[in-house]
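The values are calculated or read from the model by the stated rules, or taken from the named source; none is laboratory data. Fair warning: this is a prediction, and the values are worked out from it, not measured in the lab. Note: accessible area is taken over every heavy atom of the protein model, side chains too, but ligands, DNA and RNA are not part of it. Shrake-Rupley method; radii C 1.70, N 1.55, O 1.52, S 1.80 Å.
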Amino acid sequence: MTDLSHGAGAPAIRAAIALAVMVAMLMAASALFGEGAYLWVKAAHIIALIAWMAGMLYLPRLFIYHCDAPPGSAQSETFKVMERRLLTVIINPAMVLTWVLGLWLAWQGGFFTAGWFHAKLALVIALSGVHGFFSAAVRKFAADANTTSQRAWRMWNEVPTVLLVGIVLLVVLKPF
Ligand code: HEM
């Protein structure tokens, strides 16, 4: 069985350090570049959200294939490694980056009171909830304890796409 708990403290410390470095860099960028920093940070936000979404679209696809692999088979063990790496190397850091940069943009742009921003935030919180659900599923698959059907995974596979469409329409069109 793949041990996902191994060294669980180390990633948390690394994440805290990365977060502190990121916040320091954002503060330095606004001090050094003033208004110009906004567009650089927005570009970084878009790059981070693409990485987050790429992982959120691929992970449930792996779950769909994983359902067909008998527990204990070589295939199943390979899916466990793929799922864990995708989650810890791409999806988790990309989500943190998207949140930090997005909140900085909202603060700098003065969007905290805008209606479209509240709606976007609601959808992003829903997306983060789906992220949490997928993380739990990676742990369950790792323990050969998945109880969600392949059909249900096919449905979950579409949820991030629907949320993505709503989020992008809200932030680009700012309809209210
Ligand atoms: C995690 C929390 C997030 C926050 C707080 C946040 C906040 C923001 C803010 C304030 C802007 C700048 C808007 C402007 O300058 O007009 C922005 C830009 C953008 N965000 Fe987010 N965002 C988040 C997550 C996401 C996610 C998950 C997506 C897509 C799935 C996304 C897609 C975009 C896009 C495409 C832009 C560029 C819009 C434009 O320049 O017209 N954001 N975000």
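Points to keep in mind about this one:
- 3J(HN,Hα) along the stretch 24-31: 4, 5, 5, 5, 5, 4, 5, 5 Hz, from the Karplus curve 6.51 cos²θ - 1.76 cosθ + 1.60 with θ = phi - 60°, whole Hz, x for Gly and Pro.
- Overall form of the stretch 22-65 per C-alpha gyration tensor (a/c, 1.5; a/b vs b/c): prolate
- With all protein chains in place and a 1.4 Å probe, the accessible surface of the chain carries 73 percent carbon and sulfur.
- Cα-based radius of gyration for the chain, normalised by 2.2 N^0.38 Å, reads 1.16.
- Straight-line reach from Lys42: taking Cα to Cα under 20 Å and skipping same-chain neighbours fewer than 8 places apart, the lysines in range are Lys120, Lys174.
- Remark: the stretch 59-72, residue by residue, has Karplus-estimated 3J(HN,Hα) of 4, x, 5, 5, 4, 4, 5, 4, 4, 7, 8, x, x, x Hz, where x stands for each Gly or Pro and the curve is 6.51 cos²θ - 1.76 cosθ + 1.60 at θ = phi - 60°.
- Scalar couplings 3J(HN,Hα) for the stretch 105-122, obtained by applying the Karplus form with A = 6.51, B = -1.76, C = 1.60 to θ = phi - 60°, are 4, 5, 5, 5, x, x, 9, 4, 9, 6, x, 4, 5, 4, 5, 4, 4, 4 Hz; x denotes Gly and Pro.
- Viscosity 0.890 mPa s, temperature 25 °C, Stokes-Einstein D of the stretch 124-176 from Kirkwood C-alpha radius, µm²/s: 195 µm²/s
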